[in-house]
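Working notes for the structure below.
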Amino acid sequence: MTIETVGVIGAGQMGNGIAHVFALAGYDVLLTDISPEAMDKALSLIERNLERQVTRGKIDADAKKSAMARIRTTLRLADLGQCDLVIEAATERETVKQAIFEDLVPHLKPTTILTSNTSSISITRLASRTDRPEKFMGFHFMNPVPVMQLVELIRGIATDEPTYKALHEVVERLGKTAASAEDFPAFIVNRILMPMINEAVYTLYEGVGNVKSIDSAMKLGTNHPMGPLELADFIGLDTCLAIMNVLHDGLADTKYRPCPLLTKYVEAGWLGRKTGRGFYDYRGETPVPTR
């Protein structure tokens, strides 16, 4: 399976990073979103991030120019039908992802590999709603995509070996490292990370420590580069809650019960950095703990 053209669905935080690394690795990228503004914003952000790599000596100016030239945008989902590989990077809601695949599948060529960047949802279940479960995989990048070295490869129950090998080769061409995960709720990284974040929220909820003391304890006591509450804000509290719900529903174990305080913050619309407030308030010059 030769992969040269890549379609990316969703121009948000993950989608623009995925488009960035694929274009830099020499793939032709077609990026789509329902919002023209989101695509314009994504292209501007990709250019800024590429320029940052030039400034730091990671790439040269010619590589940046070539990468930008390889990225095209479209508002029509059907235009992705002729791509060799399609990566869905839309909102972490199963109904949204299923609707996208339902609209896209009639336009796909028979050889197209279909993937989802989902961080927690069943690959087998998503694949079953398409016409090609054997050519469907989880292709989970870490945020920020240009910086993080890991890609989780998740096979559904029907995924065939050629599809797995093709995606493994893609990861190598991107200069990243693949970790193979079985199709269980939240896979490897979030199966371990999200309960830790949820426990940090419980620690705050129960008054064991405040935001600053919890994050300082984990940064200085366990050498984490970011504290768990700071990291939750970076990821998005709505995403953290969604993944905890997938774990709780999928594994039926009370240890995965989302902390009520996490739910309260999401209900308030305090989702972290992207909304200006979460466990920290980002509206001033420096972030200030909200509890």
Simple label model, 7 Å out from Cα along Cβ direction - L251 to M142, nm
1.9 nm
If you place +1 on the Cβ of every Lys and Arg and -1 on the Cβ of every Asp and Glu, how big does the dipole about the Cα centre of the range 135-193 come out, in debye to the nearest 20?
140 debye
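Under the 0.36 nm per residue contour assumption, what length would be gained going from the current alpha-carbon distance of M68 and T111 to full extension? List each step's numbers first, then the result.
Details: separation 43, 0.36 × 43 = 15.48 nm, distance 2.66 nm.
Gain on stretching M68 to T111: 12.8 nm.
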Check each of the chymotrypsin sites (Phe, Trp or Tyr not before Pro) in the range 228-288 and keep only those in coil by DSSP with at most 13 other C-beta atoms within 10 angstrom; list them in order.
none
At each listed q (0.14 Å⁻¹), what is the log10 of I(q)/I(0) that the Debye formula gives for the chain modelled as equal alpha-carbon point scatterers?
-1.07
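Going down the list K64/K212; K165/K264; K41/K97; K135/K274; K176/K219; K58/K219, which pairs span over 32 Å between their C-alpha atoms? Can you show the working numbers first?
Values: K64/K212 39 Å; K165/K264 43 Å; K41/K97 22 Å; K135/K274 34 Å; K176/K219 26 Å; K58/K219 28 Å.
Those over the limit are K64/K212; K165/K264; K135/K274.
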Tell me the Rg and the Dmax, in Å, that the Cα atoms of the range 206-288 produce.
13.3, 42
How large is ³J(HN,Hα) for each residue in the range 70-76, as worked out from phi by the Karplus curve 6.51 cos²θ - 1.76 cosθ + 1.60 (θ = phi - 60°), to whole Hz, x for Gly and Pro?
7, 9, 10, 10, 8, 8, 9
For L31, list long-range residues whose amide hydrogen, built 1.01 Å from N in the peptide plane, is under 5 Å from its own amide hydrogen.
V8, R72, T73, T74
All-pairs Cα distance distribution in the range 1-121, expressed in whole percent, bin size 5 Å
2, 12, 23, 23, 19, 12, 6, 3, 0
Could you give P(r) for the range 36-190, binned at 10 Å from zero, as whole percent values over all Cα-Cα pairs?
10, 36, 37, 16, 1
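Counting GluC sites (Glu not before Pro) as exposed when in a DSSP loop with at most 16 other beta carbons within 10 Å, what is the longest stretch of the chain free of them? Please report the intermediate quantities before stating the final value.
Values: sites that count: E4, E182, E206, E285.
Counting at most 16 other Cβ atoms within 10 Å as exposed, the longest clean stretch of the chain is 5-181.
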Rg/Rg_globular for the range 132-177, with Rg_globular taken as 2.2 N^0.38 Å and Rg from C-alpha atoms:
1.17
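Rounding to the nearest 20 debye, state how big the charge dipole of the range 149-291 is about its Cα centre with +1 on each Lys and Arg Cβ and -1 on each Asp and Glu Cβ.
On the way: 15 positive and 18 negative charges, 86 e Å.
I would put it at about 420 debye.
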Here the relative contact order (percent) of the range 44-167, from C-alpha pairs under 8 Å and at least 6 apart, is 18 percent
Of the residues P225, G10, T177, the Cα lying farthest along the dipole of the chain towards its positive end, which is defined by charges on the beta carbon of Lys, Arg, Asp and Glu, belongs to P225
In the chain, helical segments from DSSP H whose Cα atoms cover 20 Å or more along their own axis and that average at least -0.5 on the Kyte-Doolittle scale are 189-205, 237-251
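Two-decimal Rg/Rh of the range 137-283 from alpha-carbon positions, Kirkwood Rh?
Result: Rg/Rh = 1.01.
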Tell me which of Y282, L262, N245 sits at the most positive position along the dipole axis of the range 216-291, charges placed on C-beta atoms (Lys, Arg +1; Asp, Glu -1).
Y282
Positive-pole candidate from Q53, S66, A25, dipole of the range 23-74, charges at beta carbon:
Q53
What percent does the relative contact order of the chain come to when contacts are Cα pairs within less than 8 Å and at least six residues apart?
13 percent
Highest GNM mean-square fluctuation among A19, A217, A186, for the chain with Cα springs under 10 Å, belongs to A217
For the range 78-117, list log₁₀ I(q)/I(0) at each q in 0.22, 0.24, 0.32, 0.33 Å⁻¹, using the Debye formula over Cα point scatterers of equal strength and ignoring solvent, two decimals each.
-0.65, -0.76, -1.17, -1.21
Rule-of-thumb Rg ratio for the range 90-142 [Cα; 2.2 N^0.38 Å; N residues]
1.04
At 7 Å along the Cα-to-beta-carbon direction for both E37 and D160, put a label point, then send me their distance in nm to one decimal.
4.4 nm
Averaging 1/r across every pair of distinct alpha carbons in the range 195-250 and inverting yields a Kirkwood hydrodynamic radius, in angstrom, of 11.6 Å
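We did not get these values from a lab; they are worked out from the coordinates using the rules stated. None of the values given here were measured: they were computed from a predicted structure. Cβ coordinates were reconstructed from backbone atoms using ideal geometry, including for glycine residues, and neighbour counts include every protein chain displayed.
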